[in-house]
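Have a look at the structure below, then the notes.
The values are calculated or read from the model by the stated rules, or taken from the named source; none is laboratory data. All of these numbers come straight from a predicted model, not from anything done at the bench. Cβ: placed from backbone, ideal geometry, glycine included. Neighbour counts: every protein chain shown.
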């Protein structure tokens with residue numbers, strides 16, 4: 001179990017810090033016209049909690065310490081070679097199998113490609129995570145010329161309406177399956193890395209111009225065993241199950257309660273169906289009630 005899974009009573013509890021780093025994404029669906037494949041409906045049947053930031057090198061070092069036997073020597077050597085000053089850069093170099101194991105260690109999972117597209121483009125089907133028009137210098141793409149990852153959360157103006165950062169550029173992100181594409185056929189075992197990286201030019205997350213030979217979504221379809229120094233990971237989890245289990249372990253003092261209220265305010269009224277459903281259960285924890293108070297404001 002990851003260090004952030006342990007309960008506690010102080011405002012410094014790592015579980016509280018983890019909750020502060022999660023965005024709330026309500027259930028929903030979007031329909032897309034997929035080049036060469038026709039119309040497809042991508043459904044997110046349950047509300048999700050999604051990492052606001054790509055998983056960092058510091059987090060992967062903690063995983064490496066806790067699960068050294070599960071980390072391949074190739075990745076282990078890479079992690080050990082990271083400069084301490086780059087601890088807040090997005091981790092990269094893991095394959096999709098290792099990314100999924102990291103997510104399980106956290107009690108989370110990789111998003112499906114459909115879920116990733118949903119929270120990256122939103123129910124409005126924005127072309128870019130921040131809106132409908134391309135803008136320069138608000139994402140770490142090739143045009144920026146940085147030629148390396150940037151610290152997660154650097155580009156405030158490039159975040160999504162749910163305050164999820166770096167969905168375009170910085171590093172691409174492993175998903176659990178393959179994004180819809182003319183190249184993906186039934187039985188294909190490959191998966192997708194979504195959103196491009198600092199090595200890719202800025203382009204729409206979803207591009208509905210059905211141009212022959214052009215991919216519909218911003219994705220790389222790869223074997224699960226593939227590695228690249230510009231592919232990382234972002235985790236997600238079912239909101240109801242995560243909150244129903246984890247909040248029982250949190251005993252907030254006044255300072256922690258204020259922070260939970262602030263998280264609830266950030267999640268907003270779209271989180272009320274989940275929070276009110278959990279609050280109706282017998283013995284609802286005080287941490288949940290603090291989130292609910294914030295969401296109602």
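Worth pointing out:
- Search result, residues across region 3-25 that are touching a helix residue (DSSP H, G or I) at 6+ places or on another chain (Cβ under 8 Å), closer than 23 Å to residue 46 by Cβ, surrounded by fewer than 20 Cβ atoms within 10 Å (Cβ to Cβ) and modelled with pLDDT of 55 or more: 20
- All positions within region 77-89 that are part of a helix (DSSP H, G or I) and loosely packed, with under 13 Cβ neighbours inside 10 Å: 77, 80, 84, 85
- Here the condition is being over 12 Å from the mean Cα position of the chain (by Cα) and either within 30 Å of residue 67 (Cβ to Cβ) or part of a loop (DSSP other than H, G, I, E, B) (or both); of 119, 198, it holds for 198 alone.
- Residue 85 being more than 20 Å from residue 238 (Cβ to Cβ) and modelled with pLDDT under 75: no
- Inter-residue pairs, beta-carbon under 7 Å, first farther than 21 Å from residue 52 by Cα and in region 133-158, second at pLDDT below 95 and surrounded by fewer than 12 Cβ atoms within 10 Å (Cβ to Cβ), 6+ apart: 142/201; 143/136; 143/201; 144/137
- Candidates in region 35-53 are the residues that are surrounded by fewer than 20 Cβ atoms within 10 Å (Cβ to Cβ) and not in a loop (DSSP other than H, G, I, E, B); of these, the one that is modelled with the highest pLDDT is 43.
- Any hit, region 201-215, residues being more than 16 Å from residue 56 (Cβ to Cβ), modelled with pLDDT under 95 and in a strand (DSSP E or B): yes
- Among the candidates 92, 137, residue that is surrounded by 16 or more Cβ atoms within 10 Å (Cβ to Cβ) and assigned to a loop (DSSP other than H, G, I, E, B): 92
- Checking residue 74 against (1) under 27 Å from residue 156 (Cβ atoms); (2) touching a residue at least 24 places away in the same chain (Cβ under 8 Å), the condition it does not meet: (1)
- When residue 71 is tested against (1) at pLDDT below 95; (2) surrounded by fewer than 21 Cβ atoms within 10 Å (Cβ to Cβ); (3) closer than 23 Å to residue 172 by Cβ, exactly one condition is not met: (2).
- Selection status of residue 254, more than 16 Å from residue 24 (Cα to Cα) and touching a helix residue (DSSP H, G or I) at 6+ places or on another chain (Cβ under 7 Å): no
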